[in-house]
Amino acid sequence: MSEGNYRPYNDSVQDVTSRLNVDPAQGLSSQEAKQRLEQYGANEIQEQEHRSLMQKFVDQFKDFMIIVLLVAAVISGVVGVMEGEGIADAIIILLVVILNAVMGVFQESKAEEAIDALKDMSSPEARVRRDGSISRIKSNELVPGDIILLEAGDVVPADMRLIEANSLQIEEAALTGESVPVYKDTETITDTEVGIGDRVNMGFSSTNVTYGRGLGIVTGTGMDTEVGHIAGMLANTDKQLTPLQRDQEELGRTLTYAIIIVAVVTFIVGVTFQDFAWLDMLLISISLAVAAIPEGLPAISTIILSIGTQSMANRNALVRTLPAVETLGSTQVICSDKTGTLTMNEMTIEKVYYNNSMNDASEYIDPSSPLVRSITFANDAAPDREGKIVGDPTEVAMIHYGQNHDQDLQADLAKYPRVEEVPFDSTRKLMSTIHDKGDGTYYVAAKGAPDQLLERVTHININGDVRPITQDDKAAILHANENMARNALRVLAGAYKEIDTIPTTVDTETVEQDLIFAGLVGMIDPERPEAGDSIRLARNAGIRTVMITGDHAITAQAIAERLTILDPNDPNNEEHVMTGAELDKMSDEELARNVENYSVYARVSPEHKVRIIRAWQSHDKVVAMTGDGVNDAPSLKQADIGVGMGITGTEVSKGASDMVLADDNFETIVSAVGEGRKVFANIQKAVQFLLSANLGEVMTLFIATLFGWQILEPVHILWINLVTDVFPAIALGMEDAEPDVMDHAPRTTEDSFLSFGVLPSILYQGIAEGGITLFVYWYARFVLHAETAMMPETINLAETMAFITLGFIQLFHSYNVKSIFRSLFSGNPFDNKYLNGAFLLSGAMILVVVLVPGINTYFDVTLPNGQEWLLCFAAAFALVIIVEIVKWLFRVTGKADDYQRVVNTDR
């Protein structure tokens, strides 16, 4: 029912039924229901229009770098045909492009999956009252005004205002994130700004009835439900480009412009100043341009990311999109759900108050004590077929408490079987059971809200001595209750008594009077033991953790202090906690200005989560968001990286996520951040290797052209580019993480592949490569064979030696880039077996060209003598020495730490 901002929870039952023109006792007529179905449409989530596979495939070719590679493939093919060298290089480039397109299509469609999963959550059928009788109909035929019957086990089929609620509890974790079912009633709510979790007179589509019975009137169907609203947000949330995607696009543009300029200048210089034939110079310039483009980079990035996904999978982090691997490493803010991620998602008793004293739950208590029996006898939780205790989380916690203190509950209940009960209801907030003691008397166990139970207590048990309860006793009990509540513990009281006969009428008046107070239990969903350490590790790595939860503010604050998200010693922590109601009063601009002041958000809605993430993103922060519920899906999609929960997560949240945690553990996120940083570092190493090598080639050809030397032929350039670019760069993606990977500040949106000292390294290393190659050519031609320097044989030999030197310089250089600033010899330089293999394979491919008859003729190279071979290898290895000296200078001057923004030097 789409009527603007209508809030049925603010209207009485009579007002809602009048507004919807229906008699709850009769329901709608079939004719009226048919008319309303035409007016409001089917009760189902509207499906997005899915793009075809071909559309998705074509879209992959809109990336700038891919367009450049396609042009390079065409040019390379033309040059190859003109030179009689074939089109092998062009084919390799096209294979790279197609591989990336296929991977892109395979990884797409998260939002489509999420919305499809939302549809799957709906109830297939509903019990509805129409024409005065009850029948089952398909839930997609429900309309506003329908009267729905609910009972335990049902999925709520539409949003509804409750008319009756008999001990009704509905689990709404998918919408609110709260792990405890909500007790429902029918009272009108006067607060107009109340959040979903506090609308206790409403039932929401796709939530689950866990206890009791209810009757409701449908107020919203399809896209007008809370779940439909989330589906609409999902469809309209634009997914952000990942830092990796932004970097690749920017790098592609920058390189393309630079390469075109260099190629044009080289052509002009060669033709105008050195009188080279324009066709020869055109081929050299085009070969230079093709060689300078790191066409293998997209494929190498894909391979490195794929390796990262496998490594993360081994750590329980299942990556659904390849760029997400690297995005994790860029994370600056982690917005984490509380329940199940930072906490155990299991209510646990922590404090118990009995015998007028407060005790830790771990301290010994007699399993037959009145407190243990009162909270475990008056309890509906029970073991399932596998022996796991299931039921209301608070009741499960009480059973576990008894088990932890050696209570054999099944034996006790066999000895004292339940014969009657007064079920829980949300008005009196109590539950009582009557047990046959087998001697003609009966044991009454009661548990419930402390204030309600104390009104019915007349005696107290102190160390087995039962005496009348005094005002001082009650004051001490209330004080203990306040202390536990102040520490965010949910407090319940236990009481008991013995009676001689079962009352004729079993109700609260006959059973829950003249009780003996047994004690209090305080419980909470405790923090995960490893979560605190992980949050501290993240903080040391420059990453801020923000808690966003549907739970109450006091509970959220207490958990945040225990996890050190908030400083446990700060008396003003309330100032860093914001509720959804307070957030509603803030504009987006005001939130963006103040977002860094808040570390905890409580009682929030799906819209709030998206607003918080956008506020952080407005500061150019890379934001990760964790979540498990339907309510988390829009924010998971809005975040730079959405992290879903594999165990407790809904299919909707998983579908909207970039990564899924198989163990629902915050520690896994921090572990994955380290893996993501390693992946980015390895891609950076590939970039540094490729661009410094390509710069060396460009410099060699450009300077040689200025001197009038034809130092390398097009086939030499393309072959070096082919054999030295791919295998070593891929092998660098197999590097282990450097030991200080979590000691650096996360990269910002201003950082790129060329940050953290990579650009100056590329420049000096590329210049050194070119300079060494030019030196070898000059030395071979004008020093070793000065008397025949102008002879074709000498020129050909010098070209061959330049070819060998440039090829092996790049292979030796692959070891230099194992680290930007750390010495190659600070560890085992040969610890990467893949890099060793790449060196041998690529080196063999260079040697084959020179040594094998027939092939060397095709490549127009001459076999050097022993002294000339030694010169080539010595010159190539000299780059390692040069780089080691420069790295040492960076370290001793402190520039290395400045470039890498070291934030934690103590570990």
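Please specify each residue of region 131-153 satisfying the condition of being crowded, with 21+ Cβ neighbours inside 10 Å and in contact with a strand residue (DSSP E or B) (Cβ under 9 Å, 6 or more places away or on another chain).
Taking region 131-153 and keeping what is crowded, with 21+ Cβ neighbours inside 10 Å, we get 139-140, 142-148, 150.
If the condition is that a residue be crowded, with 21+ Cβ neighbours inside 10 Å and in contact with a strand residue (DSSP E or B) (Cβ under 9 Å, 6 or more places away or on another chain), then Ser139, Leu142, Val143, Pro144, Gly145, Asp146, Ile147, Ile148, Leu150 are the ones that fit.
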Practice prompt. Enumerate the pairs (first residue in region 21-35 and on the phi > 0 side of the Ramachandran plot; second residue anywhere and surrounded by fewer than 13 Cβ atoms within 10 Å (Cβ to Cβ) and not in a helix (DSSP H, G or I)) with beta-carbon separation below 8 Å, excluding pairs fewer than 6 apart on the same chain, so at least 6 apart or on different chains.
Written response: Gly27/Gly132
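Which residue out of Thr188, Thr219 is assigned to a loop (DSSP other than H, G, I, E, B), farther than 30 Å from Val698 by Cα and at pLDDT 85 or above?
It is Thr188.
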Discussion item. Could you check region 205-221 and list, in sequence order, the residues that are crowded, with 23+ Cβ neighbours inside 10 Å and of a type outside the set (A, V, I, L, M)?
Written reply: Ser205, Ser206, Thr207, Gly214, Gly216, Thr219, Gly220, Thr221
Practice prompt. Please tell me if Tyr442 is over 30 Å from Ala553 (Cβ atoms), in contact with a Phe, Trp or Tyr (Cβ under 8 Å, 6 or more places away or on another chain) and not acidic (Asp, Glu).
Written response: no
Worksheet entry | Residue within region 831-843 that is closer than 25 Å to Gly757 by Cα and part of a loop (DSSP other than H, G, I, E, B) present | yes
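Can we say Gly837 is loosely packed, with under 15 Cβ neighbours inside 10 Å, within 41 Å of the chain's Cα centre (by Cα), small (Gly, Ala, Ser) and over 22 Å from Gly771 (Cα atoms)?
Numbers: loosely packed, with under 15 Cβ neighbours inside 10 Å: yes; within 41 Å of the chain's Cα centre (by Cα): yes; small (Gly, Ala, Ser): yes; over 22 Å from Gly771 (Cα atoms): yes.
Here the answer is yes, as Gly837 does meet what is asked.
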Discussion item. Contact list please: Cβ distance under 6 Å, first residue in region 127-148 and on the phi > 0 side of the Ramachandran plot and at pLDDT 90 or above, second residue polar (S, T, N, Q) and not in a strand (DSSP E or B), pairs at least six apart or on different chains.
Written reply: Asp131/Ser29; Asp131/Ser30; Gly132/Gln26
Practice prompt. Could you tell me whether region 623-641 includes any residue that is more than 17 Å from Thr549 (Cα to Cα) and surrounded by fewer than 24 Cβ atoms within 10 Å (Cβ to Cβ)?
Written response: no
Fill in: Residue check, Asp831 surrounded by fewer than 14 Cβ atoms within 10 Å (Cβ to Cβ), under 24 Å from Glu697 (Cβ atoms), assigned by TED's automatic domain parsing to the domain that holds Lys685 and in contact (Cβ under 8 Å) with a residue 12 or more places away in the chain
no
Fill in: Odd one out for Ala475 among (1) in contact with a Cys (Cβ under 7 Å, 6 or more places away or on another chain); (2) surrounded by fewer than 13 Cβ atoms within 10 Å (Cβ to Cβ)
(1)
Worksheet, complete the sentence: When (1) among the hydroxyl-bearing types (Ser, Thr, Tyr); (2) without any contact (Cβ under 8 Å) to a residue 24 or more places away in the chain; (3) touching a Ser or Thr at 6+ places or on another chain (Cβ under 8 Å) are applied to Tyr496, the one that fails is (2)
Discussion item. Which condition from (1) farther than 27 Å from Cys335 by Cβ; (2) part of a loop (DSSP other than H, G, I, E, B) is the one that Asp551 breaks?
Written reply: (1)
Item to complete: Identify the single condition in (1) in contact with a strand residue (DSSP E or B) (Cβ under 6 Å, 6 or more places away or on another chain); (2) assigned to a helix (DSSP H, G or I) that Thr545 does not satisfy, given that it satisfies every other one.
Response: (2)
Discussion item. Restricting to region 191-216, name every residue that is in a strand (DSSP E or B) and farther than 21 Å from Gly27 by Cα.
Written reply: Asn208, Val209, Thr210, Tyr211, Gly212
Worksheet item: Hey, among the residues in region 840-851 that are surrounded by 13 or more Cβ atoms within 10 Å (Cβ to Cβ) and of a type in the set (A, V, I, L, M, F, W, C), which one's nearest to Glu735 (Cα to Cα)?
Response: Leu841
Worksheet item: What number of residues within region 187-204 satisfy the criterion of being surrounded by fewer than 21 Cβ atoms within 10 Å (Cβ to Cβ) and either within 19 Å of Val128 (Cα to Cα) or not β-branched (Val, Ile, Thr) (or both)?
Response: 5
Practice prompt. Quick one: in region 512-537, of everything that is part of a helix (DSSP H, G or I) and buried (at least 24 other Cβ atoms within 10 Å of the Cβ), which residue is modelled with the lowest pLDDT?
Written response: Ala531
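Matching residues to (1) touching a Phe, Trp or Tyr at 6+ places or on another chain (Cβ under 8 Å); (2) among the acidic types (Asp, Glu):
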position	(1), (2)
Asp146	no, yes
Val155	no, no
Leu162	no, no
Glu172	yes, yes
Worksheet item: Inside region 559-594, can you point out the residues that are loosely packed, with under 13 Cβ neighbours inside 10 Å and closer than 17 Å to Asp198 by Cβ?
Response: Lys585
Worksheet entry | Number of the condition not met by Ala556 [criteria: (1) assigned to a helix (DSSP H, G or I); (2) touching a helix residue (DSSP H, G or I) at 6+ places or on another chain (Cβ under 8 Å); (3) among the hydrophobic types (A, V, I, L, M, F, W, C); (4) buried (at least 24 other Cβ atoms within 10 Å of the Cβ)] | (2)
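The values are calculated or read from the model by the stated rules, or taken from the named source; none is laboratory data. Predicted, not measured: the structure shown is a model, and the values here were computed from it. Glycine gets a Cβ as well: all are built from the backbone with ideal geometry, and neighbour counts include every protein chain shown.
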